1. Determine if the stretch B:117-132 includes at least one residue that is more than 14 Å from every other protein chain (Cβ to nearest Cβ), under 21 Å from residue B:43 (Cβ atoms) and surrounded by 15 or more Cβ atoms within 10 Å (Cβ to Cβ).
2. So which of A:84, A:42 is in a strand (DSSP E or B), more than 14 Å from chain B (Cβ to nearest Cβ) and within 19 Å of residue A:208 (Cβ to Cβ)?
3. Please pick out the residue among A:189, A:256 that is more than 14 Å from chain B (Cβ to nearest Cβ) and closer than 23 Å to residue A:5 by Cα.
4. Could you go through the stretch B:62-72 and let me know if any residue there is within 14 Å of chain A (Cβ to nearest Cβ), within 21 Å of the chain's Cα centre (by Cα) and more than 22 Å from residue A:239 (Cα to Cα).
5. Just one of A:98, A:106 is in contact with a strand residue (DSSP E or B) (Cβ under 9 Å, 6 or more places away or on another chain) and either surrounded by fewer than 23 Cβ atoms within 10 Å (Cβ to Cβ) or farther than 30 Å from residue A:7 by Cβ (or both); which is it?
6. Among the residues of the stretch A:227-253, how many are part of a helix (DSSP H, G or I), more than 23 Å from residue A:167 (Cβ to Cβ) and facing chain B (nearest Cβ under 9 Å)?
7. Step by step: first the residues of the stretch B:166-183, then only those that are under 23 Å from residue B:145 (Cβ atoms) and touching a strand residue (DSSP E or B) at 6+ places or on another chain (Cβ under 7 Å), then the one that is surrounded by the fewest Cβ atoms within 10 Å (Cβ to Cβ). Which residue is that?
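The values are calculated or read from the model by the stated rules, or taken from the named source; none is laboratory data. Worth saying up front: this structure is predicted, and the values here are computed from it rather than measured. Reconstructed Cβ throughout: ideal geometry from the backbone, glycine too, with neighbour counts over all protein chains shown.
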């Protein structure tokens, strides 16, 4: 595997879920993880320790030598937020397909019907997309969409504003209008562990302002949404994400996905990507 | 390969879409509300989603992922994210020749004009998957091909065989109109057991 793929941080477990040592896959290779005296560890197949970071309720590791720290989400530290470990879902698709689906709003009325979207409110207005060179991240801002029930805490339909951020090839952070606190952003993330190039484990995590819902209600809401996404992700052909134009047809609503694919190509991140039209 | 049966019309009524395949060609088979059958490549050109998971809306097939609608020629004529846009003609789904005749849905991947198989007065009974290749089924009956194989029975049975993989095919079974359907159904089950015991 090339450094362009190995030298990233990857989520491999929810910290609260680590009890006995266990095996998992990262980029097609076996790794082992566990916790001793409150400190999490990860080892490769030969028993060599791998670097670890504990952040956002999850354990992160890297099979290479990451040349930068794991990204941060400063907004998530503000007081009053509830941090929600959603759990994990394994999906038979490329890790990049899972991230790209998370960046897409146009599917809301059809896949998350009457929750995140509903006909006839299907139009996607122009929004801003940029690869921020100084931080090497993809950002989409001023994304607006009408949602019947934007969050567990939403009382009725509202036009929600979104910002999407891709701080690492298999991670995305969504900043979203917060129904009970206008002016603040709810934070919903998608951390994707590439088990192989066509199989991934998805760890959503949230930092929300919601004083009313129970933890299990917030978890159930997000799990329902992701189960609906999974029915799509396991039925896209090919399973890998095509990076070359020609295999799939983007429109203006897909500007975030176009920028994401271009950025993956630029940084040489080809794990889970299809480079030549089959 | 000319006409191949891909399903029975009664199993794909108007407004329904199902997945099907002829060897490596995966298809979405669907029927318009007005009763016209279509066989298309099972892939939306937008993001590669299977169209067989989609839904029939009016005389179009819509993809479940983003609701893109494809008209009867396979061209995209509506993109919900951009309701005012007229989609370019280049956005289209590959289509295959498909007709319904005698209650059977027939597809020709190479669009030949060959006449459709002769079914006589027989009527469709049911479809059953069998763990054996279509070629091996034909060989079992000493038939030259597998498009249709007349099988001697009390019910004047005819098999229209759909090749799927090296180890799987589907038998679309037709029989005399006055044959008892339950009896034919039991006959088919016995046939399946026999065929699955045939060494490949």
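1. For the stretch B:117-132, residues more than 14 Å from every other protein chain (Cβ to nearest Cβ), under 21 Å from residue B:43 (Cβ atoms) and surrounded by 15 or more Cβ atoms within 10 Å (Cβ to Cβ): absent.
2. Being in a strand (DSSP E or B), more than 14 Å from chain B (Cβ to nearest Cβ) and within 19 Å of residue A:208 (Cβ to Cβ) holds for just one of A:84, A:42, which is A:84.
3. After applying the criteria, what remains is A:189.
4. yes
5. A:106
6. Going through the stretch A:227-253 one residue at a time, the tally reaches 3.
7. B:168
Let's see how each residue does on (1) touching a residue at least 60 places away in the same chain (Cβ under 8 Å); (2) more than 23 Å from residue B:8 (Cβ to Cβ); (3) in the same structural domain as residue B:34 (by TED's automatic domain parsing); (4) in a loop (DSSP other than H, G, I, E, B):
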| residue | (1), (2), (3), (4) |
| --- | --- |
| B:56 | no, no, yes, no |
| B:61 | no, no, yes, no |
| B:73 | no, yes, yes, yes |
| B:77 | no, yes, yes, no |
| B:80 | no, yes, yes, yes |
| B:86 | no, yes, yes, yes |
| B:90 | no, yes, yes, yes |
| B:96 | yes, no, yes, no |
